[in-house]
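Right, one structure below, let's go through it.
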């Protein structure tokens, strides 16, 4: 291989590697209530149920923001006890939302809807502990 061909190959590999590294990392998955609303037609969710989902999300928005802020502050501090407390708070909020979805759809239909949804992506590496 000539020197020019090696340089061209090297530039091509460098360009591809740079482009791959420059791609933004995917953000967190959308909230479940948003997925349910966006996929309402595919999941057979009625307009009335969509309104109930929106009301449930609105009712829990302030506590959700507070829980998220608590987790960010705990992670920034590195305090293991604060991280665990924030995780417990987020888990409780998630359970509240899940219970609300169960009330909206009924337990059997909610289980069917959950089975139709794709699995959520894993959390970002830096938040796994």
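None of the figures in this text is laboratory data; all of them are computed from the coordinates on show. Predicted, not measured: the structure shown is a model, and the values here were computed from it. Counting neighbours? That spans all protein chains shown, and the Cβs are built from the backbone with ideal geometry, glycine included.
Below, the figures for the structure above:
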| read-out | value |
| --- | --- |
| Extension gain, residue 58 back to residue 85 (0.36 nm per residue minus Cα-Cα distance, nm) | 7.4 nm |
| Where labels lie 7 Å past Cα in the beta-carbon direction, separation of residue 51 and residue 111 in nm | 3.0 |
| Column: log10 I(q)/I(0), Debye, Cα scatterers of the range 39-86, q = 0.16, 0.21 Å⁻¹ | -0.60, -0.70 |
| Using a Förster distance of 22 Å, the FRET efficiency for residue 39-residue 69 (Cβ separation, nearest 0.05) | 0.20 |
